[in-house]
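Novice: The structure is given below, and queries will be raised subsequently.
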Amino acid sequence: MSASGGTKAIVAALVANLAIAVAKFVAFLFSGSSSMLAESVHSVADSGNQGLLLLGGKKAKREATPQHPFGYGRERYIYAFLVSIVLFSVGGMFALYEGYEKIKHPHEIEAWYWPVGVLVFAIIAETFSFRTAIKESNELRGQRSWKEFVRHAKAPELPVVLLEDLGALVGLILALGGVSLALVTGNGVWDGIGTLCIGALLILIALVLAAETKSLLLGEAAGLDEVKKIEEALVDDDTVTGIIHMRTLHLGPEELLVAAKIAVRNDDTAAKVAAAIDAAEDRIRAAVPIARVIYLEPDILKPAK
């Protein structure tokens, strides 16, 4: 599965969240709904998150330097991890606080048509953003399930946008439910309960994102398909007779390091081994284009005793 920044999905989510944030703030000012305030902050946080993803993608394109000889590809992982922190603190914890305050000091919602109208508009806008993210993700995930795609994707942007949009849609439905129950019953506590549910949802999504991006930051190997292609490309059954051991590591979503100790015949000349290594590197890059950094060490395979 090739890596992709999903720029179109990020921009679509950014535009949608900025428009929704303004509408939600206006609705909060007219209605006093805590769900609206929590959702407003959520949309602002999401907008900032999309900005972080775009910034990370730009920084990751910098050329390698003597201090960072393998480049800056992991910048995308770092900024994706920052997104999970923002979503947890600014989104989730703030919503929990607002929900608690609303339950402790409930009051009726004024100008009900503002929050209801804005929530319906926000659901429509988020649906279009979510649809864009799904369309771009489908081009990459192949036959994988959505869970496997989020878990194993090497490019963090699309899983982040997918989970953010999903959380936003579910949060909007929770907010609409809380506001509706508060209007029907005349009890503002329901608005606070809806806000608490939004906070719990955002924290759950933030924890999932943090766990996945942490794994990428620690360093993940190539996928099983890529490993199989590399192994097949390495051995030529002439000079390179086998693989003693091999390690792969993603230096970034679109850059893979391959290090392997390969078995060669004990009667081959140094020139022939060097030529075989060069040919093996060419075959690997043809089979897996993101394998840009390759180190091959020749050795004579000793027979098992």
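Novice: Can you name the helices (runs of 4 or more DSSP H) wholly within the range 116-219 that have at least 3 residues being open to solvent by 30 Å² or more (accessible area, probe 1.4 Å) and closer than 21 Å to K24 by Cα?
Specialist: Answer list for the range 116-219: 157-185, 189-218.
Novice: Report the residue count in the range 48-76 for those that are open to solvent by 40 Å² or more (accessible area, probe 1.4 Å) and of a type in the set (D, E).
Specialist: 1
Novice: Okay, moving on. How many residues, within the range 254-268, are closer than 16 Å to D237 by Cα and out of contact with any strand residue (DSSP E or B) (no Cβ under 8 Å at 6 or more places or on another chain)?
Specialist: Of the residues in the range 254-268, 2 are closer than 16 Å to D237 by Cα and out of contact with any strand residue (DSSP E or B) (no Cβ under 8 Å at 6 or more places or on another chain).
Novice: Looking at E98, E108, can you tell me which residue is under 30 Å from W190 (Cα atoms), part of a loop (DSSP other than H, G, I, E, B) and open to solvent by 30 Å² or more (accessible area, probe 1.4 Å)?
Specialist: The conditions single out E108.
Novice: Sticking with this one: Of the residues in the range 234-267, how many are open to solvent by 30 Å² or more (accessible area, probe 1.4 Å) and at negative phi?
Specialist: 17
Novice: Can you report the number of residues in the range 227-240 which are modelled with pLDDT of 90 or more, of a type outside the set (A, V, I, L, M) and either in contact with a strand residue (DSSP E or B) (Cβ under 7 Å, 6 or more places away or on another chain) or over 25 Å from A274 (Cα atoms) (or both)?
Specialist: Within the range 227-240, residues that are modelled with pLDDT of 90 or more, of a type outside the set (A, V, I, L, M) and either in contact with a strand residue (DSSP E or B) (Cβ under 7 Å, 6 or more places away or on another chain) or over 25 Å from A274 (Cα atoms) (or both) number 1.
Novice: Do you know which residues across the range 83-95 are touching a residue at least 12 places away in the same chain (Cβ under 8 Å) and open to solvent by less than 70 Å² (accessible area, probe 1.4 Å)?
Specialist: Those that are touching a residue at least 12 places away in the same chain (Cβ under 8 Å) and open to solvent by less than 70 Å² (accessible area, probe 1.4 Å): V83, S84, V86, L87, V90, G91, G92, F94, A95.
Novice: Ok, one more. Does G51 satisfy being of a type outside the set (F, W, Y) and within 21 Å of the chain's Cα centre (by Cα)?
Specialist: Here the answer is yes, as G51 does meet what is asked.
Novice: Let me ask something else. Can you give me the number of residues within the range 18-30 that are buried (at least 24 other Cβ atoms within 10 Å of the Cβ) and small (G, A, S)?
Specialist: Looking only at that region, the number is 1.
The values are calculated or read from the model by the stated rules, or taken from the named source; none is laboratory data. Remember, predicted model here, so these are calculated numbers, not experimental data. Positions of Cβ are backbone-derived with ideal geometry, glycine not excepted, and every protein chain shown enters the neighbour counts. Areas reflect the complete protein model, heavy atoms only, side chains present, ligands, DNA and RNA absent. Shrake-Rupley method; radii C 1.70, N 1.55, O 1.52, S 1.80 Å.
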